[in-house]
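S.K.: For reference, the structure I am asking about is given below.
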Amino acid sequence: EVFPPRRALARGRGAMAFGLAALAVFAALFSFVKRNPSHAFDLKVTRSLQRVDARWFDRLMHLVSWPGFPPQSRVIPPLLSLFWLALGFPIEAVFQLLAWGTGGISASIKRVMQRPRPAPEVVRVIAAPLGGSSFPSGHVLIYAGVYGFLAFLLETLVRPAHLRRIITSFLVGLVAMVGPSRIYLGHHWLTDVVASYLVGTSYLLGLAAVYRRVKTRWLNRRR
């Protein structure tokens, strides 16, 4: 069976438990940053990363962040949903669009935290269309949801193993590299990025668990 019910539901429960643990760590980090909006550790990490003097690294950091800036950040996610719909996967299309919900989560947390972004007086800040406060990183949250869920779907549905590995490795690498990119460009602190990975991972695991349940029931009805 493509989606054995017991295995799918068991994986979903395990993912939910891990997601809840990540949320607990995020809550502790949120409380810490709220009391300490700026501290030496974040500054040290940013300055260390910005000392990397290699043209290829600089270009990579800029390139990785590019999909997260408007207008492309508002075009790519719905296009991915339409991609699944065009291939005849309506459930996947809906859940791919739901993966974009991390953008709303980011905006909500930013309004509560109101943490100042890194200032040009203390670190190098690359000019870019930025909005909202520094905590959390919207780039990282959206990448974790949108591109993380896309990687999950491709890993689940694509049959040729070599093609699946290439595409999913690229997407996972994109999600992994966007965090350092945001720090290197001077747009976020390390704690902003870590918080985003925690929330983004929790949302991704929860969404994948619900998707497994919905997909399992749909396939069983068809049988």
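The values are calculated or read from the model by the stated rules, or taken from the named source; none is laboratory data. From a predicted model like this one, the values you see are computed outputs, not experimental measurements. Cβ atoms come from the backbone with ideal geometry, glycine included; neighbour counts cover every protein chain shown. When the accessible area is computed, the model is the full protein with side chains, heavy atoms only, and any ligands, DNA or RNA have been set aside. Shrake-Rupley method; radii C 1.70, N 1.55, O 1.52, S 1.80 Å.
S.K.: Quick check on my filter: what residues within region 188-198 are within 13 Å of the chain's Cα centre (by Cα), of a type outside the set (G, A, S) and either open to solvent by less than 10 Å² (accessible area, probe 1.4 Å) or closer than 18 Å to P67 by Cβ (or both)? Walk me through it before giving the result.
M.R.: Going through region 188-198, the residues within 13 Å of the chain's Cα centre (by Cα) turn out to be 192-198.
Okay, now just the ones that are also of a type outside the set (G, A, S), so 192-194, 197-198.
Matches in region 188-198: D192, V193, Y197.
S.K.: Examine region 97-110 for a residue that is surrounded by 12 or more Cβ atoms within 10 Å (Cβ to Cβ) and outside any helix (DSSP H, G or I), and state whether such a residue exists.
M.R.: Taking every residue of region 97-110 in turn, none turns out to be surrounded by 12 or more Cβ atoms within 10 Å (Cβ to Cβ) and outside any helix (DSSP H, G or I).
S.K.: Residues being part of a helix (DSSP H, G or I) and either open to solvent by 90 Å² or more (accessible area, probe 1.4 Å) or hydroxyl-bearing (S, T, Y) (or both): count how many of those fall in region 30-39.
M.R.: Here is the first cut: in region 30-39, the ones part of a helix (DSSP H, G or I) are 30-35.
Okay, now just the ones that are also either open to solvent by 90 Å² or more (accessible area, probe 1.4 Å) or hydroxyl-bearing (S, T, Y) (or both), so 31, 34-35.
Summing the residues that are part of a helix (DSSP H, G or I) and either open to solvent by 90 Å² or more (accessible area, probe 1.4 Å) or hydroxyl-bearing (S, T, Y) (or both) in region 30-39 gives 3.
S.K.: What helices (runs of 4 or more DSSP H), lying completely within region 119-223, carry at least 1 residues that are touching a Pro at 6+ places or on another chain (Cβ under 6 Å) and more than 14 Å from W100 (Cα to Cα)?
M.R.: Values: elements: 138-157, 161-184, 190-222.
Answer list for region 119-223: 190-222.
S.K.: Only one of (1) surrounded by fewer than 23 Cβ atoms within 10 Å (Cβ to Cβ); (2) touching a residue at least 40 places away in the same chain (Cβ under 8 Å) is not met by V140, so which one is it?
M.R.: So the condition that V140 fails would be (1).
S.K.: Note down all Cβ pairs under 6 Å where the first residue falls in region 40-65 and is open to solvent by less than 50 Å² (accessible area, probe 1.4 Å), the second is outside any helix (DSSP H, G or I) and not charged (D, E, K, R), and they're at least six residues apart or on different chains.
M.R.: So the pair list comes out as D42/W189; T46/V123.
S.K.: Go through region 202-223 and give me each residue that's more than 19 Å from A151 (Cα to Cα) and aromatic (F, W, Y).
M.R.: W218, the sole residue that qualifies.
S.K.: Let me ask something else about it. Test each condition in (1) over 11 Å from the mean Cα position of the chain (by Cα); (2) farther than 24 Å from P37 by Cβ; (3) open to solvent by less than 10 Å² (accessible area, probe 1.4 Å) for G206 and report the one that comes out false.
M.R.: Tallying (1) over 11 Å from the mean Cα position of the chain (by Cα); (2) farther than 24 Å from P37 by Cβ; (3) open to solvent by less than 10 Å² (accessible area, probe 1.4 Å), G206 fails exactly one: (3).
S.K.: While we're here: Please enumerate the residues belonging to region 115-131 that are more than 19 Å from L43 (Cβ to Cβ) and open to solvent by 90 Å² or more (accessible area, probe 1.4 Å).
M.R.: A127
S.K.: Can you name every residue in region 166-187 that is under 12 Å from M61 (Cβ atoms) and either hydroxyl-bearing (S, T, Y) or open to solvent by 50 Å² or more (accessible area, probe 1.4 Å) (or both)?
M.R.: To start, the set of residues in region 166-187 that are under 12 Å from M61 (Cβ atoms) comprises 177-187.
M177, S181, Y184, listed by residue number.
S.K.: Let me ask something additional. Looking at (1) part of a helix (DSSP H, G or I); (2) open to solvent by less than 70 Å² (accessible area, probe 1.4 Å), which is the only condition P70 fails?
M.R.: The one condition P70 does not meet is (1).
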